[in-house]
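Undergrad: Structure below; questions to follow.
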Amino acid sequence: MKTMVSPSLLSANFIDLKSDIEMINKSEADWLHLDVMDGVFVPNISFGFPVIEAVSKVCTKPLDVHFMIQHPENYIEQTAKLGAMMMNVHYETCTHLHRTIQQIHAAGMKAGVTLNPSTPVCVLEDIICDVDMVLLMSVNPGFGGQKFIENTIKKIGRLRQLIKESGSQALIEVDGGVQAETAPRLVKAGVDVLVSGSYVFKSTDPYATIHALKELH
Ligand code: DX5
Ligand code: ZN
């Protein structure tokens, strides 16, 4: 399977989002990654449903929504209504993660569980067969353009092992500091989906940048 790429809209040009989304539509990107932040779980506020709704009307790629908010379970229906393909919730924000995953599925979406850099893979042991994807944060969530945390490479190995042993079908997605130097190592370590914000949107030729990420194996 070719590496999948999910560019993060957080680094797009917000004054001309339409052009950036049209670029994504024409590119080889597989999904569009949308970062929702509440200023409580993470020390930043990004955008919410009015923006996602506007984006969903223009974007032809499946929406991969990453909720960095407290109580993401309160927004499952609203997210499904906008046609999101994947709803990623943080392990650290879900007291009843199993219930939340079931509710995401019942609403017709795929369910992803996200781990902060300091949260070990072993907490997923009893939920790994119920999720469609695990999103490993390779920076502390909240901002684009941060430095990649090296421990992520070892973490991917541990997650790949857990997926194999359990027979889970979960994809592995990595988010944060994905660029020319880190992306090949991430793919070699076993990542299925690369999220990339600043590296894609700030590049002089985003089409070529996305193409190069997809060619990694
Ligand atoms: C950070 C977000 C990321 C962010 C990645 O909290 O979850 O999706 O946009 O940005 P880069 O690729 O620039 O590190
Ligand atoms: Zn993200």
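The values are calculated or read from the model by the stated rules, or taken from the named source; none is laboratory data. Worth saying up front: this structure is predicted, and the values here are computed from it rather than measured. So basically every Cβ, Gly included, is an ideal-geometry build from the backbone, and we count neighbours across all protein chains shown. Only protein heavy atoms, including side chains, enter the accessible area calculation; ligands, DNA and RNA are left aside. Shrake-Rupley method; radii C 1.70, N 1.55, O 1.52, S 1.80 Å.
Undergrad: What does the highest-first list of 190-196, 44-50, 107-113 look like by mean Cβ count within 10 Å?
TA: Taking the mean over residues of other Cβ atoms within 10 Å, the ranking is 190-196, 107-113, 44-50.
Undergrad: Please report the net charge: other residues with Cβ closer than 11 Å to the Cβ of THR93, K and R +1, D and E -1.
TA: On the way: positive: none; negative: ASP38, GLU73, GLU92.
Result for the local shell: -3.
Undergrad: Evaluate the distance, in nm, between pseudo-label points positioned 7 Å from the Cα of ARG158 and of CYS122 along their respective Cα→Cβ axes.
TA: My value for the distance between the label points is 0.8 nm.
Undergrad: In whole percent, how big is the carbon plus sulfur part of the accessible area of the chain, probe 1.4 Å, protein atoms only?
TA: For the chain, the apolar C and S fraction of the accessible surface comes to 53 percent.
Undergrad: Any aspartates and glutamates with Cα under 17 Å of the LYS188 Cα? List them, leaving off those in the same chain fewer than 8 positions away.
TA: GLU150, GLU173, ASP175, GLU215
Undergrad: When a/c is below 1.5 the answer is rounded, else prolate if a/b is larger than b/c, else oblate, so apply that to the range 118-205 with a ≥ b ≥ c taken from the square roots of the Cα gyration tensor eigenvalues.
TA: Prolate.
Undergrad: Let's see if you can work this out: charge +1 on each Lys and Arg Cβ, -1 on each Asp and Glu Cβ, no other charges. What is the dipole magnitude of the chain about its Cα centre, in debye to the nearest 20?
TA: Using Cβ point charges on Lys, Arg, Asp and Glu, the chain gives about 360 debye.
Undergrad: Could you name the aspartates and glutamates whose alpha carbon sits less than 12 Å from that of LYS214, not counting residues in the same chain fewer than 8 places away?
TA: Here the aspartates and glutamates satisfying the reach criterion relative to LYS214 are GLU28, ASP30, ASP192.
Undergrad: Whose amide H sits under 5 Å from the amide H of VAL5, counting only residues 5 or more places off or on another chain, with H placed in the peptide plane?
TA: ASP30, TRP31, LEU194
Undergrad: So, one more: As a test of the formula, what do you get for the chain when each DSSP H run with n ≥ 4 contributes -39,500 (n - 2.57) and the sum is divided by the residue count, at 222 nm and rounded to the nearest 500 deg cm²/dmol?
TA: Estimated from H runs of four or more residues: -9500 deg cm²/dmol.
Undergrad: Give LYS81/LYS154; LYS18/LYS81; LYS2/LYS147; LYS81/LYS155 a once-over and call out the pairs whose C-alpha atoms are over 29 Å from each other.
TA: Pairs exceeding 29 Å: LYS81/LYS154; LYS81/LYS155.
Undergrad: Still on this structure, please answer the following. Give me the percent relative contact order of the range 6-150, please, defined on Cα pairs under 8 angstrom at least 6 residues apart.
TA: Details: 240 pairs, mean separation 27.1, N = 145.
Taking the mean separation of contacting Cα pairs over the length of the range 6-150, I get 19 percent.
Undergrad: Okay, next question. Once a ≥ b ≥ c are taken as the square roots of the eigenvalues of the Cα gyration tensor of the range 129-170, is the result rounded (a/c under 1.5), prolate (a/b larger than b/c) or oblate (a/b not larger than b/c)?
TA: It comes out oblate by the Cα gyration axes.
Undergrad: Additional query: Give me the number: length gained by fully extending LYS202 to GLU150, i.e. 0.36 nm times residue separation minus the C-alpha to C-alpha distance, one decimal in nm. Kindly include the intermediate steps, with their values, before the conclusion.
TA: Details: separation 52, 0.36 × 52 = 18.72 nm, distance 2.28 nm.
Extending this stretch completely gives an extra 16.4 nm.
Undergrad: Right, here's the next one. Which GluC sites (Glu not before Pro) in the range 134-179 pass both tests, a DSSP loop state and at most 12 other beta-carbon atoms within 10 Å?
TA: Values: sites: GLU150, GLU165, GLU173; in loops: GLU150.
Counting only loop positions with at most 12 other Cβ atoms within 10 Å, the GluC sites (Glu not before Pro) in the range 134-179 are GLU150.
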